[in-house]
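*Asks:* To start, I am sharing the structure in question, which I have written as structure tokens.
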Amino acid sequence: MNIIHSIALAIILVIWLLLVVKLYFSEVKKKEQKNINKFITRVAIFGAISTLLYVVPIFQFSLPFIPSFLEFHFDEIPAFIASFAYGPLTGLFIILIKTIIKLPMTSTLCVGELADFIYSVVFIIPAAMIYQKRRKFSGAIIGISSGMILQLIVSFFVTVFVMVPFYMYIMGFSSEALMAMCQIANPAIKNLNFDLGLYAILPFNAIKDAIVVIITLIVYKSLRRFINNLN
């Protein structure tokens, strides 16, 4: 199956997922039907933007002191904006959709996509849930800070003790080969456990999260009118 067929299949799966949600609510009251139509519209719009930022190489880059298998991509920004504007469930579906579409194009046998999904969920959803309880700037700051801390902790331990061993097993990488790749980027990395987490995983996610948060806060304010039109 070539890449075009794979992308087409992924898009069909996403459309099917949205139709299932729509059909599930097809017998409810008109007001609730209107709400689900809005939900699908929001997910489709922000999901499409998130997917573009996730799959198009021009929107991805890496830093010289970070191992090359850790790439910056800013697909979390649309999911963050939608989660704050419409609630965490919308954000969750956006993260799920962009992940499904990316799977046929994976270069890591889905290991990278699984990691991205987990880290995006623990970053965005708790932040959105806190903001929903306290829709003020202070609530946004508390939510974002909580999401960042949680994501840094989860990404450190899950990457080091689950994803890296799983990645080496799936891809057939030896620890020596992966270590060499890491040391080319940062000679301070002496092992694939604590050093990898401290000198690669933590700085990578801290920088990425900071950029995502800054852009989200700027764009969220600029898109307020557009966001209100989807309410």
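Readers should treat all values here as calculations from the given coordinates under stated rules, not as data from a laboratory. In this text, all values refer to a predicted model and were calculated from it rather than measured experimentally. Using ideal geometry, Cβ is built from the backbone for each residue, glycine included, and neighbour counts are taken over all protein chains shown.
*Asks:* Here is the link list: K102/K136; K38/K98; K136/K221; K102/K133. Which ones come out longer than 24 Å on Cα distance? Please report the intermediate quantities before stating the final value.
*Replies:* Working: K102/K136 34 Å; K38/K98 19 Å; K136/K221 13 Å; K102/K133 32 Å.
Distance filter (> 24 Å) returns K102/K136; K102/K133.
*Asks:* Using every Cα-Cα pair within region 78-179, state what percent have a distance larger than 15 Å.
*Replies:* 65 percent
*Asks:* Normalised by the number of residues in region 40-165, what is the relative contact order in percent for Cα pairs under 8 Å and 6+ residues apart?
*Replies:* 21 percent
*Asks:* From the P(r) of region 138-231, can you give the percent of Cα pairs sitting at distances over 22 Å?
*Replies:* Value for region 138-231: 45 percent of Cα pairs lie more than 22 Å apart.
*Asks:* Normalising by the residue count of region 90-231, find the relative contact order in percent from Cα pairs under 8 Å and 6+ residues apart.
*Replies:* 18 percent
*Asks:* Which FRET efficiency value, to the nearest 0.05, is calculated for I36 and T108 with the Förster distance at 41 angstrom and r the Cβ-Cβ distance?
*Replies:* 0.75
*Asks:* Using a 7 Å offset from the Cα along the Cα-to-Cβ direction at both L63 and F173, what is the distance between the two label points in nm, to one decimal?
*Replies:* Spacing of the two 7 Å Cα→Cβ label points: 1.9 nm.
*Asks:* What is the distance, in nm, between label points placed 7 Å from the Cα along the Cα-to-Cβ direction at I215 and at R135?
*Replies:* So the label points at I215 and R135 sit 2.6 nm apart.
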